[in-house]
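A short reminder: the numbers here are calculations on the coordinates, not readings from a lab. Note that this is a predicted model, so its numbers are computed, not measured. All Cβ positions, even for glycine, are placed from backbone atoms using ideal geometry, and neighbour counts span all protein chains on display.
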Amino acid sequence: MKYCSVFTLLLLVLISACATAPQYDGPGAFDKTADAKAQVSRSLSSAKKSGKHVLLIYGANWCSDSTRTVALLQSDPEISRILRDSYLVTRIDVGPSDSGRNADLVARYHATINKGIPVFVVLDGSGRLLNDTRQTRLRDSDHKRPERIADFLKQHAPTFETLSP
């Protein structure tokens with residue numbers, strides 16, 4: 001009985017410690033300390049040279065759909081191949097909905113984050129918007145349907161002829 005009481009006490013201490021622990025705020029899938037404008041600029045410069053497109057992924061670490069989508073992009077063989085062959089990827093942290101983090105990049109490329117994240121925006125090397133999320137967008141939970149993401153990426157990829165060797 002004594003051991004049961006000690007175990008129960010330890011369990012309660014552990015539970016209360018977990019409940020009061022601060023949320024993890026490390027880099028994660030979206031780095032809130034990154035200079036997103038500089039990242040986009042570098043991606044566009046590289047895309048112009050390579051003939052690839054730029055995929056901007058607007059999201060946040062607190063959003064499970066955002067983090068699961070990034071994990072899918074890295075783990076699914078077909079999606080990884082499409083990204084490697086056709087895109088330069090830049091992840092843009094938008095923070096909590098009321099933070100306004102990277103709001104200028106959200107507005108510039110019409111990323112409709114008010115309808116949910118993650119949001120994919122595709123640009124060519126000159127910075128021209130190739131998909132308008134105000135009209136067509138992936139669903140927040142499309143990480144559960146990898147074929148939808150693969151189809152989206154194929155649809156917006158540069159043609160083979162425009163890619164550099």
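At a glance:
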item: Per residue convex hull volume, Cα atoms of segment 33-100, in Å³; result: 79
item: Assigned charges on the beta-carbon of Lys, Arg, Asp, Glu; segment 32-113 dipole about Cα centre (debye); result: 380
item: HN-Hα J in Hz across segment 93-109 - Karplus 6.51, -1.76, 1.60, θ = phi - 60°, x for Gly and Pro; result: 7, 9, x, x, 4, 9, 7, x, 4, 6, 4, 5, 6, 4, 5, 4, 10
item: Largest-first principal axis extents of the Cα set of segment 27-162 (Å); result: 43, 30, 30
item: Where a label projected 7 Å from the Cα of residue 104 along Cα→Cβ would reach, residues of segment 38-81 with amide N under 17 Å; result: 38-44
